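Reading through the structure tokens given below for one structure.
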Amino acid sequence: MWTKTDFEIVVVGGGIVGLAAAYKIARSHPGVRLAVLEKEDRVAGHQTGHNSGVIHSGLYYQPGSAKAATCMAGRRELLEFARTHEIPHEICGKLIVATGEAELPGLEKILQNGLANGVEGLEAIGPERLREIEPGVTGIAALHVPSAGIIDFVKVAQKLGELIEQSGAHNKVLVAHEVTGFDKHDFYTNVLTKPGTFSTRYVINCAGLQCDRVARMDGIEPPVRIIPFRGDYAELTPAAAGKVRNLVYPVPNPAFPFLGVHFTRMIGGGVECGPNAVFSLKREGYGKTDFELRDAWESLSYPGTWLLFARHWKYGLGEYARAFSKKRLLAQLQRLVPSLVLEDLHPGPAGVRAQALAPNGVLVDDFKIEARGNFIHVLNAPSPAATAALAIGDHIHRIAAEHFGL
Ligand SMILES: Cc1cc2nc3c(=O)[nH]c(=O)nc-3n(C[C@H](O)[C@H](O)[C@H](O)COP(=O)(O)OP(=O)(O)OC[C@H]3O[C@@H](n4cnc5c(N)ncnc54)[C@H](O)[C@@H]3O)c2cc1C
């Protein structure tokens, strides 16, 4: 039986992924009435507004993976979007620097991945060329990545929100609308929010740090659990900011999907150093000692967490030690920039990654999007999902077209 609903599609989550998906659908289907429901009082309030602001070039990702494909395509589209809508960005290039012999195979692997993914302009360089590009940085070899850049992802998200609303009077981006449940019927679903209830035919869950919980509201047990990993940043003082010109990264530990503590010139000015990756006891906790019982219980009662701890306890303790000791953090940063001193660093912001963990303790590396009935669930959208968002939006649009018959 056909029922007139408030919306045809409700997207849960006003981060860059939800907004990009809604934007792509709104552009291709002007007649479809859609709403993005965001629980905070602004869009981009969590991962999208707490990240490094780096436009990734597609280097690190397994050739053939969704991350590789969407990062390459999304990056191109992001740059065009930024040019069209005058969003601050800059293609400043980056260096991945090996500081010891043991890191050379990892650097070579990244180069090969980058070449296989079609990243342009990659150059393996030695210490002399490294010093020309970044005089303050020391290493035995490096990879120069001229296509990497920096951008203001919050402005991208805000612009997507504006364009969604401009695409039709029936399209809405509603902040301060936390989705608390779904009341499902055969041909429609009532989406319960604190300010009121909306009926819709289809739902797309892009709730980031809460995506597994929103999936459970749909009555399914998701195959992964979101485990929050906080990343703390330090900032270089204005006097020390000249020690790094652009983006300087270490060779990442291949066992983890995190890129390692790096130096990032921010598009709004200043240089950030970070983020580390610390198991967090609060999903939306940006302070070092933040704790929430429900979040802690859900992480610690999950068998995958203990398998992860058992396998990587040494790495985890190292990250904790650096989170609480400025001296240890400095020692890590000095491997890349030896002239740094304690006085060059002051505390910066923090972000929390929504990292999907499988029950066997394996961190899910690739993006994970599942369609079930009238719902699509984005269950893992870690970095580089901000860079890749417009291409992820296309992918979600294709799934919606197929499953919802748009
Ligand atoms: C520290 C850090 C550094 C990173 N650096 C980079 C980088 O340099 N470059 C890059 O490309 N990527 C980077 N990333 C990754 C990137 O930021 C994320 O992959 C991307 O922002 C994910 O977007 P999202 O929309 O899925 O999630 P989010 O931005 O977290 O959005 C999800 C939204 O859903 C909302 N929500 C949750 N539950 C509900 C509910 N019940 N009802 C309504 N709304 C709800 C939340 O409030 C939130 O606004 C980084 C991430 C972190 C954490």
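Every number in this text was worked out from the coordinates using simple rules, so none of it is lab data. Computed from a predicted structure; not experimentally measured. Every residue, glycine as well, gets a Cβ built from its backbone with ideal geometry; the counts of neighbours run over all protein chains shown.
Between helix 16-28 and the chain there is an angle of about 50 degrees, using the helix long axis and the longest principal axis of the Cα atoms. Rounded to the nearest 10 degrees, what's the angle between the helix 303-324 long axis and the longest principal axis of the chain, both from Cα atoms, 0 to 90? Roughly 50 degrees between the two axes. Inter-label distance, SER65 to ALA255: 1.7 nm, where each label sits 7 Å from its Cα along the C-beta direction.
Pairs over the 27 Å Cα-Cα cut-off, from the set LYS67/LYS288; LYS4/LYS368; LYS155/LYS314; LYS243/LYS282; LYS39/LYS159; LYS155/LYS184: LYS67/LYS288; LYS4/LYS368; LYS155/LYS314; LYS243/LYS282; LYS155/LYS184. In this structure, LEU406 and ALA358 have a Cβ-Cβ separation that, at R0 = 22 Å, corresponds to a calculated FRET efficiency of about 0.10. The value for region 72-220 of Rg(Cα) / (2.2 N^0.38 Å) is 1.54.
Sparsely packed loop sites in region 89-192 (the chymotrypsin sites (Phe, Trp or Tyr not before Pro) outside DSSP H, G, I, E and B with at most 12 other Cβ atoms within 10 Å) comprise PHE187. Computed on region 3-147, with alpha-carbon pairs under 8 angstrom and 6+ residues apart, the relative contact order is 21 percent. Relative to the dominant Cα principal axis of the chain, helix 385-404 is inclined by about 30°.
With both residues required to sit in the chain, DSSP beta bridges show an antiparallel share near 70%.
With a simple spin-label model that places each label point 7 Å from the Cα along the Cα-to-Cβ direction, the separation between ARG83 and SER325 comes to 4.9 nm. A Förster radius of 60 Å combined with the Cβ-Cβ distance from ALA176 to GLU108 puts the calculated FRET efficiency at roughly 0.75. Ellipticity at 222 nm from helices only: DSSP H runs of n ≥ 4 in the chain, each -39500 (n - 2.57), divided by the residue count, give -10500 deg cm²/dmol.
Less than 18 Å apart at the alpha-carbon level, and either on another chain or at least 8 residues along: which aspartates and glutamates does that give for LYS172? Reachable aspartates and glutamates: ASP6, GLU8, GLU38, GLU40, ASP41, GLU162. Near the amide H of LYS172, within less than 5 Å, lie the amide hydrogens of LEU34, ALA35, VAL36, all on another chain or at least 5 residues away, with H placed in the peptide plane. Local charge for ASP290 was computed over the other residues whose Cβ lies under 14 Å away, with Lys and Arg +1 and Asp and Glu -1, and equals +1.
For the chain, the Kirkwood estimate of the hydrodynamic radius, built from every pair of different alpha carbons, is 21.8 Å. Taking the chain as a Gaussian network, where each spring joins two C-alpha atoms under 10 Å apart, which residue of ALA323, ALA385, ALA310 fluctuates the most? Looking only at ALA323, ALA385, ALA310, the largest GNM fluctuation is found for ALA310.
For the chain, the relative contact order is 24 percent, taking Cα pairs closer than 8 Å that sit 6 or more residues apart in sequence and dividing their mean separation by the residue count.
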